[in-house]
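Read the figures in this text as sums done on the coordinates, not as results from a lab. These numbers were taken from a predicted model, which means no experiment stands behind them. Every residue, glycine among them, receives a Cβ derived from its backbone with ideal geometry; neighbour counts consider all protein chains shown.
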Amino acid sequence: MADDLSAASHWISHANTVVALTGAGISTESGIPDFRGPKGLWTTNPKAERLSDIRYYMADTEVRALAWQKRLELTASAVEPNAGHYALAGLERRGQMHALVTQNVDGLHQRAGNSQDRVIEVHGNIHETVCMSCHWRGPTRDVLTRVRAGEADPPCERCGGILKTATISFGQALVPEVIDRAMGAAEAADVLLTVGTSLQVYPIADAVPLAKQAGARVIIVNAEPTPFDSMADAVLPGRIGEILPALCQGG
Ligand code: APR
């Protein structure tokens, strides 16, 4: 592993178009559980997967109420970026970050200092809410104020429709322009750095072979094996909060 770490940090220190591809694993050290890790939301409660499936969300007010409670927890507790997020912000500060593709919806990369126009949120984010009927959009914090005041599943105030944070759930279409942008970034990378993702969700996992074919070095930082470890130039298991600062020279 030490060889891999020293080789990987050498490649990163000489790179100027690093593309990071992050997943839920980078936010666990901020207190946000991942999905498929040993203590993941779905590992510990397979039924929780329903919260991420649009069919259940639209059909069942209890699923929606649970989802709003989860959003409340996420925003109420002191959820802060961690050393992993700051390490990636440091890459951008030094002009080495070409793009940061994230599957996360928590907005922690931007709070750590990565600029909004460099962060590509392929699954949307929780900070805006949309009406599934009239397509009204507004800040999630205003809807959470209604949830805190006792509305378990607040309807759209304009049309009475179902409200949902502007995240993309299973069963919902991804935004083609966003995916194209992410894939374009992967093709332009001289280093593709995947962090805290099990690389099991497509099409975004295809960014790994795409970057590799385009000539990038692929570095995978993840506690558990991923399906792409065999094609990576370096695989760094272990805690992201320790590895990433060392890899990115302290962020
Ligand atoms: N250090 C290193 N690795 C970690 C850490 C940590 N502190 N915490 C978690 N991990 C690893 C886990 O071992 C796991 O392999 O991060 C990975 C997270 O994988 P997933 O839970 O599958 O999350 P992700 O890859 O982001 O899922 C992709 O699927 O669930 C849907 O839409 C959701 O965006 C999500 C997408």
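Couple of notes before you dig in:
- Summed over qualifying helices (DSSP H, 4 residues or more, each -39500 (n - 2.57)) and divided by its residue number, the chain shows a 222 nm mean residue ellipticity of -10500 deg cm²/dmol.
- Charge dipole of the chain about the Cα centre (unit charges at C-beta), most positive-ward option of HIS135, HIS109, LEU193: HIS135
- Burial ranking of peptide ranges 222-233, 81-92, 170-181, 118-129 (average Cβ count within 10 Å, highest at the top): 81-92, 118-129, 222-233, 170-181
- Cα long-axis angle, helix 176-188 against the chain (0 to 90 degrees, to the nearest 10): 10
- Neighbours of VAL235 by Cβ distance under 13 Å: Lys/Arg scored +1, Asp/Glu scored -1, total -4.
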